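First comes the structure, then the notes that go with it.
The values are calculated or read from the model by the stated rules, or taken from the named source; none is laboratory data. Computed from a predicted model, the values in this text were never measured in an experiment. Ideal geometry is used to build each Cβ from the backbone, glycine not excepted, and the neighbour counts take in all protein chains shown.
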Amino acid sequence: MMYRIGLGYDSHPFVHERTLKLGGLEIPFALGLGGHSDADVVLHALTDAILGAVGQGDIGEQFPDSDPAYHNADSGQFVRQAVAMAAQRGYRVANCDVTVLAEKPSLREHKPPIRAKIAELLGVKPDAVSIKAKTNEGMGFVGRSEGIAAIAVVMVAVDTTGGNEDGHQVI
């Protein structure tokens, strides 16, 4: 097997009159995140990590905010397309680790369903997905509750012998 790692980061400011989406789910909160698409920082960071792992740039290159097709788009489509781009190059996502930086809202109860949604988008088992939530202890834009940021690390794998552990072709 050959492995590659990608790192992704995203942040968006809070705005009024918008639904908060994190990890592909609507999270009950008084504010949403501003951005061209649905501004899901978790899925944006994850998309960047996948694209980075397979050498395909970043979300802004692949899904530019200058393209009206992505206005208010569901960020799940970015993840699915990044997974497909990886597959076209012979890679599959092996696992991911995501850290969400937010003072508010608390994500404790939302982490299991976010984990399940991300696993579905990536086509992996839930135990291949890690979701952590951290505050910034009152420091910076996150600490002042001005927005949310996310960091994602993804490992992709390709079977250089022509098959995976089940004997199936990876490509």
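In the range 117-140, which residues are in contact with a helix residue (DSSP H, G or I) (Cβ under 7 Å, 6 or more places away or on another chain), surrounded by 16 or more Cβ atoms within 10 Å (Cβ to Cβ) and not β-branched (Val, Ile, Thr)? Matches in the range 117-140: ALA119, LEU121, LEU122, ALA128, ALA133. Looking across the range 55-69, the residues that are part of a helix (DSSP H, G or I) and not hydrophobic (A, V, I, L, M, F, W, C) come down to GLY60, GLU61, GLN62, PRO68.
Figure legend. Inter-residue proximity from the range 1-24: first residues free of Cβ contacts under 8 Å to residues at least 40 places away in the same chain, second residues buried (at least 17 other Cβ atoms within 10 Å of the Cβ), beta-carbon distance below 6 Å, spacing 6+ or different chains. Indicated pairs: VAL15/GLY32; ARG18/GLY32; THR19/GLY32. Residue by residue through the range 116-139, note down the ones that are among the small types (Gly, Ala, Ser), farther than 21 Å from LEU51 by Cα and part of a loop (DSSP other than H, G, I, E, B). Passing the criteria: only GLY138.
Determine the pairs where a residue that is farther than 30 Å from SER75 by Cβ, located within the range 150-165, has a partner that is part of a strand (DSSP E or B) and at pLDDT 70 or above with Cβ atoms under 7 Å apart, the partner being 6 or more residues away or on another chain. So the pair list comes out as THR160/MET2.
Summed over the range 1-17, the residues that are modelled with pLDDT under 95 and among the charged types (D, E, K, R) give a count of 1. Taking ALA102 as the residue in question, decide whether it is at pLDDT 95 or above and closer than 16 Å to ASP48 by Cβ. No: the conditions fail for ALA102. Is one or more of the residues making up the range 85-94 of a type in the set (Val, Ile, Thr), in contact with a strand residue (DSSP E or B) (Cβ under 8 Å, 6 or more places away or on another chain) and in contact (Cβ under 8 Å) with a residue 60 or more places away in the chain? Yes, the conditions are met somewhere in the range 85-94.
Scanning the range 11-54 for residues that are in contact with an Asp or Glu (Cβ under 7 Å, 6 or more places away or on another chain), among the β-branched types (Val, Ile, Thr) and either buried (at least 18 other Cβ atoms within 10 Å of the Cβ) or not in a loop (DSSP other than H, G, I, E, B) (or both) gives a single hit, VAL41.
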